[in-house]
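So the structure is just underneath, and the comments pick up after that.
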Amino acid sequence: MKRILLAVSTFLVGTSLMAQAPFTQTNAPQVGDATTYFVLDSTAANLDATVGTGVTWDYSGTAAAAPGLTNAASVITPTTAPYSIDFPLATEELVIDNFMTTYTATTSSTLNSKGFIFTSDASGDIVVKFNTGANDANVFNYPYGLNDAVTNDAFTGTATVDGAAIGYGSGPMNLDVTGIINTKFDGYGTLKLANNTYTNVKRVKITENATAKYFTVPIAAIGITQYEYYDHDNSRLPIFIHSKMDFDLSAIGQPVSSRTVVMSIDDPNTSNISSEISGEFKVYPNPATNQLNIVNPSANGETVIVLVDNLGRTVYSTTSNDITTTIDVTSLNKGIYFVNVIEGNTKSVQKIVIE
């Protein structure tokens with residue numbers, strides 16, 4: 001089922017030349033900037049209350065969602081992209097694989113979001129375009145210093161979705177979108193990640209609430225809370241991202257669901273897992289359609305089994321004392337998943353496909 005994702009990202013923001021220096025247009029990322037994010041355990045806390053000057057955010061013990069799971073990120077020229085015609089006023093396009101593509105435009109006084117594209121394995125591209133002028137989403141007013149904020153900035157636009165995928169109608173649908181965005185430079189201090197401790201880090205918190213209607217019919221209510229951490233001594237892009245998105249489709253009889261994405265430039269350690277190996281158990285059938293059998297010949301006491309999708313989300317977890325554990329996968333979307341089997345201080349991982 002397609003989720004209508006209305007998120008305004010502040011990825012394309014400036015770098016500072018001194019501690020607590022504000023975000024400015026002159027320090028904004030440039031076409032050609034790139035990094036790789038490691039996808040972390042989506043249950044990591046958002047550390048919302050850790051604000052102010054001289055604070056410490058500690059994610060050093062946060063484990064990977066699955067070994068080697070990464071999302072590449074790059075800034076490109078919008079005119080070279082497949083959807084460039086939809087965002088003619090954008091000056092930057094930030095592409096983060098398996099997350100979203102964001103279009104922005106900067107001036108000497110503002111950073112505005114022109115829209116974004118969210119790609120779902122199950123339902124393809126969702127194209128969200130904000131209206132121009134006063135109706136786009138104002139993210140920053142430059143210079144944007146510690147405790148500066150954008151408060152209740154209203155935006156309007158359209159979202160193109162597949163009606164069949166969201167359980168309402170069929171074929172492409174253009175939904176009218178209205179919403180409010182709030183952003184704040186809420187903290188400055190030290191960020192501890194898996195392998196490094198970063199000082200002079202700035203955090204920006206973004207919250208957004210939006211509704212989408214088909215003519216006058218309410219379709220969805222969306223809430224987003226996102227935290228972006230910047231170390232401008234190392235990168236013009238965020239070095240850490242924590243994003244939670246809530247989707248309420250109850251107006252059309254579909255369930256409310258949530259998605260959390262946590263990404264870091266550090267390749268994470270395994271927290272309290274002392275060793276991590278691949279393939280020390282068997283799974284069949286692979287690909288799986290209805291049931292997945294996990295055979296662990298070395299089972300000796302309670303074993304934790306966790307199934308993670310390719311976006312780092314935990315979709316199933318259980319404990320077992322048996323050599324063979326059977327999981328019903330009929331409710332899961334088609335795609336790539338990772339089976340994690342944890343015994344004491346050892347974790348084994350295998351990749352599977354659900355068809």
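The values are calculated or read from the model by the stated rules, or taken from the named source; none is laboratory data. Model, not experiment: these values are computed from the prediction. Please note: Cβ atoms are built from the backbone with ideal geometry, for glycine as well, and neighbour counts cover all protein chains shown.
Could you count how many residues in region 96-127 are modelled with pLDDT under 85, of a type in the set (A, V, I, L, M) and part of a strand (DSSP E or B)?
The total comes to 4.
Of the conditions (1) assigned to a strand (DSSP E or B); (2) in contact with a Gly (Cβ under 9 Å, 6 or more places away or on another chain), GLN254 satisfies every one except a single condition; which number is it?
(1)
Would you mind stating whether ASN46 is under 23 Å from ASP266 (Cα atoms), at pLDDT below 90 and of a type in the set (S, T, N, Q)? Can you show your working first?
Working: under 23 Å from ASP266 (Cα atoms): yes; at pLDDT below 90: no; of a type in the set (S, T, N, Q): yes.
Here the answer is no, as ASN46 does not meet what is asked.
Taking region 78-91, which residues are touching an Asp or Glu at 6+ places or on another chain (Cβ under 7 Å) and either touching a residue at least 24 places away in the same chain (Cβ under 8 Å) or surrounded by fewer than 16 Cβ atoms within 10 Å (Cβ to Cβ) (or both)?
If we filter region 78-91 for residues that are touching an Asp or Glu at 6+ places or on another chain (Cβ under 7 Å), which is where we start, we get 78, 81.
If the condition is that a residue be touching an Asp or Glu at 6+ places or on another chain (Cβ under 7 Å) and either touching a residue at least 24 places away in the same chain (Cβ under 8 Å) or surrounded by fewer than 16 Cβ atoms within 10 Å (Cβ to Cβ) (or both), then PRO78 is the only one that fits.
Select from region 26-73 the residues that are among the hydrophobic types (A, V, I, L, M, F, W, C), free of Cβ contacts under 8 Å to residues at least 60 places away in the same chain and in a loop (DSSP other than H, G, I, E, B) and write down the one among them that is farthest from PHE99 (Cα to Cα).
ALA49
Just to be sure I understand the filter: pairs with C-beta atoms under 7 Å, separated by 6 or more residues or on different chains, first member in region 92-121 and on the phi > 0 side of the Ramachandran plot and buried (at least 24 other Cβ atoms within 10 Å of the Cβ), second member assigned to a strand (DSSP E or B) and of a type outside the set (A, V, I, L, M, F, W, C). Which pairs pass?
So the pair list comes out as GLY115/TYR103; GLY115/LYS129; GLY115/GLY157.
In the list GLY169, GLY189, which residue meets the criterion of being touching a residue at least 40 places away in the same chain (Cβ under 8 Å) and in a loop (DSSP other than H, G, I, E, B)?
On the way: GLY189 fails: in a loop (DSSP other than H, G, I, E, B).
Going through GLY169, GLY189 in turn, just one is touching a residue at least 40 places away in the same chain (Cβ under 8 Å) and in a loop (DSSP other than H, G, I, E, B): GLY169.
With respect to GLY179, is the statement that it is under 30 Å from THR56 (Cα atoms) and either modelled with pLDDT of 90 or more or aromatic (Phe, Trp, Tyr) (or both) true?
Details: under 30 Å from THR56 (Cα atoms): no; either modelled with pLDDT of 90 or more or aromatic (Phe, Trp, Tyr) (or both): yes.
So GLY179 does not fit the description; no.
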